[in-house]
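Only the coordinates and a few stated rules stand behind these numbers; no lab work does. No experiment lies behind these values; they were computed from the predicted model shown. Positions of Cβ are backbone-derived with ideal geometry, glycine not excepted, and every protein chain shown enters the neighbour counts.
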Amino acid sequence: MDRHSHHRPRLSGTHPGGRPVCRSRRGIDPSHLAGRFAGTPPLVERWGTSGPRVVLVHGMLGAETTWAAQRPLAQRMRLDVLVRHGYRPGVAAAPDYLHDAADLLTMLAAEPAHLVGHCYGALACVLAAAGAPDRVLSLTLIEPTCLAELRHPAVEALRLRWRERPRDPLEFAATFGTLAGLPRGRPRTDDHWAAVSALRMCRPAWDAALPLPAIARAGVRTLVLSGGHSPALTAVAATVSARTGGEHLVLPGNDHAVQHAGAPFNERLEQHLTGAPN
């Protein structure tokens, strides 16, 4: 399929009857994750050779697409870009934030790091920060899809729509494209349709009881960013920042992909990583 094709995509991640895969879990204990997923080492791309260690965790879009605008930071930092499960070449797996969190705990055991997570990747960062707060130098969450954290009308509307989510791929993308990172008013690429497929297959975030207060109690410096385009995700970001004792910053202009702002985002991120006043 051409990268800008408007033809109806064929998406994976459904049961034979056509319904998307749905998994859920409540009451997550981060201390059990590393042992549960032992034996599968993290897949990491290193950008940069010196400076503070920063681990980047992508969301529904792939790592390169998600973090392209952060490559200039590799001149001053060691960027460890985690390739999440479900995105590894030649390995068929449904995206799972629990497995991603186990990868992060393994990486943190080797060396402390700043954690930066976008969208679904933020869930793994939250679990890792709660599970090993003494190894996390700071935490940055970009449009985190921590959708079980509040009862807000916009979030409840998304939750209800998910229960009756359409089988048709185009209808699904139209309804949940924001959560998959689809830009508004632009042609869909193969990467975008892959993100929609990943959203259909992933362990859902709706029922995840995340240990946000543990991050606040541990004093992990936390910055939460949102793009100001979605009432649901803005409300989630505000709640996550409050429960982690962090700061909430709205940086409009790039919808869900706040980090695609490039220099303005990178400057604010560096201020947070270094602890400098903004």
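Of note:
- In plain terms, the residue of L108, L56 with the fewest other Cβ atoms within 10 Å comes first and the most crowded comes last, giving L108, L56.
- FRET efficiency for the pair W206 and L170, taken as 1/(1 + (r/R0)^6) with r the Cβ-Cβ distance and R0 = 22 Å, rounds to 0.45.
- Principal semi-axes in Å for region 32-274 [√(5λ), Cα gyration tensor, largest first]: 25, 20, 19
- Built amide H within the under 5 Å cut-off of T40, gap 5+: none
- For region 56-119 versus region 139-177, the gap between their alpha-carbon centres in whole angstrom: 22 Å
- Look at the alpha carbon pairs under 8 Å that are at least 6 residues apart: their mean separation over the length of region 95-155 gives a relative contact order of 36 percent.
- Relative contact order for region 32-274: 21 percent, from Cα pairs under 8 Å spaced at least 6 residues apart, divided by residue count.
- Amide H contacts of V224 (H built 1.01 Å from N, in plane; Pro and chain starts excluded): L141, E247, H248, L249 sit under 5 Å, all sequence-distant by 5 or more or on other chains.
- Using the Cβ-Cβ distance between D134 and Q271 with R0 = 35 Å, the FRET efficiency computed as 1/(1 + (r/R0)^6) comes to roughly 0.95.
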